[in-house]
Every structure is written in structure tokens, then in C-alpha cells.
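Enquirer: Structure in C-alpha cells, see below.
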Amino acid sequence: MRKIFGIAFLSVFALGFVSCLEDKEPIYSFDREPGIAKFKGDQPFTRTAYGEYYTPEMSSATFETGDYLLASFTVDENNQPTQGVTTGTNFRAVKIGGSSVIIKEGDMTDTYNDSITSMVIYSSMVDNVFFFDFKQKAPSGQEYAYEIICNTDSVIAGSDNNKAPTLYIRSIKTNHPENTDVATITTSYAFDLGDFVSTYKVQYKGESSSYNYISLNIKYKTGTDKAGKDVYKFLSDKPILWRVE
């Protein structure tokens, strides 16, 4: 698992999508790797940015197809018990919340009004689903849900005069813990950007290759000003480029 913290890595990662498994050893492990659960009949699989893995220890009592995961498991290329699939063992995973991108124009006023202290984006995307970690100051046990909005009225000039749509992330409390001691808590969450990708992807054509990519800005709500207007912060100071199907 990798997270993107700075624009330098964003720029390098942008269109190359170099797999961390490119020079993998016969035995390798995933640690909190973004994934999506998939059951084929009663056989459980975990889809990741690096492929689909048969994870027999995934229980259908806990997970179902389409669940967003942060999964940990080990792959031994020299000891594969099932022919035709790659098996991952010592499987552990946490199921995280998720939602789909909202594409709209005009006013974004709604009930998602809680402040986000900071955030990071995971470098692994699965089927146009992006994974994030959010930090917020709240009592222990506080839970949040999030929304991501593509406001079609709002674009900023990017490099080479390209215009990149801006996605706005906002949060809302979903419970009311009795504890009142405030601390910094971390919440993992996933957004399905499929509709955004299909609308805004661009095709690059080079001399020896061609591929699709998206260019986007991400802003998250950090609070409100004295006039009650939402205040947002950019995740990075340049548009993020990401290779897609």
C-alpha cells in the first residue's frame, strides 16, 4: 500500500502507474492495500490495482461483492494450490465506507458541513474507485460519511492551459459518541469516480503508445469563514493526472 502525500510524487506517478510489484519476489505481501470484494459463486476474490487474487479466508458472513476493503494478505508464487488463479493467504481486511461521485452545477449547499483537518490519497486505484484517509478532530468513536462533488461550474487553469475539473470533498457526522475528549481520528473512505472518468477522460496518443487519463483538482472543506462561507483547501497545488481505462 502506498499513499500520495506530495505533488512531486503525484507528478511522477501521474501517467506512468508503475506497479510496486513489477520486480516482485516469489513471496510478497500486501498491507492495507485498497481492494474490492468479489464473490464468484461461493469463491471469494479481492480485486486490487495489481490484479485479482483468490482469498479463500474472506468470509461471506462478513463481506459481500462490491465492498471496499483495505486488505492484507501474502502471495507465494511457488506455492499456488489452485491452478488458474493466484491465491492470497493470511487474509485480513477492514471494510470501509464509500459513495459515488456527484456531478452537478450550481449551489453545493447541503448537510455535509463538518471540517476536515487533512487528507491523503492512496496511490492504488481499483476500477475507477479512489481511496482516501481523512484526519479530523473529534471525540473517540466519532464516525463520518463523505461526499465528493464535481461542480461543473468550477474549473481552474492547469498546466499547458488545460482546464481540470475540481472535485470537492465534504463530511458529515453519522453518530454521536458519549465521549467528549477530542483527539485526531483517521477515517478511510472510497469514492467511485466512474461517472467522472467516463465524462472527463482524455486520450493521449504518442508515437508508440496511447492511453486514457484524467486531470482533476481535489479540494476538501476545512471549515467556514466569519461570513459562514465554506473554506476549502487544495490537496495539491497542481492538477492530478491519473491513467485510466
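The values are calculated or read from the model by the stated rules, or taken from the named source; none is laboratory data. Here the structure is a predicted model, which is why all the values come from computation and not from measurement. All Cβ positions, even for glycine, are placed from backbone atoms using ideal geometry, and neighbour counts span all protein chains on display. Note: areas computed on protein heavy atoms with side chains; ligands, DNA, RNA excluded. Shrake-Rupley method; radii C 1.70, N 1.55, O 1.52, S 1.80 Å.
Enquirer: Using a simple spin-label model with points 7 Å from Cα along the Cα→Cβ vector, what separation in nm is obtained for residue 99 and residue 85?
Expert: Output for this residue pair reads 3.4 nm.
Enquirer: How big is the charge dipole of the chain about its Cα centre, in debye rounded to the nearest 20, if each Lys and Arg gets +1 on its Cβ and each Asp and Glu gets -1 on its Cβ? Intermediate results must be reported in sequence, preceding the final value.
Expert: Working: 24 positive and 31 negative charges, 121 e Å.
About 580 debye.
Enquirer: Further question: With a 10 Å cut-off between alpha carbons and a GNM built on the chain, which of 222, 82, 48 moves the most?
Expert: 82
Enquirer: Hey, which of these cross-link pairs are over 24 Å Cα-Cα: 173/238; 201/229; 135/219; 137/238? It would help to have the intermediate numbers written out before the result.
Expert: On the way: 173/238 30 Å; 201/229 31 Å; 135/219 14 Å; 137/238 27 Å.
From the list (173/238; 201/229; 135/219; 137/238), the Cα-Cα distance tops 24 Å for 173/238; 201/229; 137/238.
Enquirer: Amide H neighbours of residue 152 under 5 Å, counting only residues 5+ apart in sequence or on other chains, H built in-plane at 1.01 Å?
Expert: Under 5 Å from the amide H of residue 152: 104, 105, 106.
Enquirer: Separate question: Just to make sure I understand: if all protein chains stay in place, what is the order of 182, 120 by accessible area at 1.4 Å, largest first? The partial results should precede the final answer.
Expert: Details: 182 105, 120 20 Å².
From most exposed to least exposed: 182, 120.
Enquirer: OK, next. How much net charge surrounds residue 136 when only other residues with a Cβ under 10 Å from its Cβ are counted (Lys, Arg +1; Asp, Glu -1)? Each step should come with its number before you reach the end.
Expert: Numbers: positive: 135, 137, 173; negative: 114.
For residues surrounding residue 136, the net value is +2.
Enquirer: Using a 1.4 angstrom probe and counting only protein chains, how large is the accessible area of residue 125 in Å², to 10?
Expert: 20
Enquirer: Roughly speaking, to the nearest percent, how much of region 157-245's 1.4 Å accessible area is carbon and sulfur?
Expert: Working: 2310 of 5300 Å².
Within region 157-245, the accessible surface is 43 percent carbon and sulfur.
Enquirer: On to the next question. Between residue 245 and residue 52, with labels modelled 7 Å along Cα→Cβ, what's the label distance in nm to one decimal, could you check?
Expert: 1.0
Enquirer: Additional query: Sort 92, 243, 170 by accessible area with a 1.4 Å probe, largest first. Can you show the working numbers first?
Expert: Working: 92 145, 243 95, 170 0 Å².
The ordering from most to least exposed comes out as 92, 243, 170.
Enquirer: If you roll a 1.4 Å probe over the heavy atoms of the protein chains, what accessible area per residue do you get for region 35-154, in Å²? Write down the numbers at each step before the final one.
Expert: On the way: 5410 Å² over 120 residues.
Value returned for region 35-154: 45 Å² of accessible area per residue.
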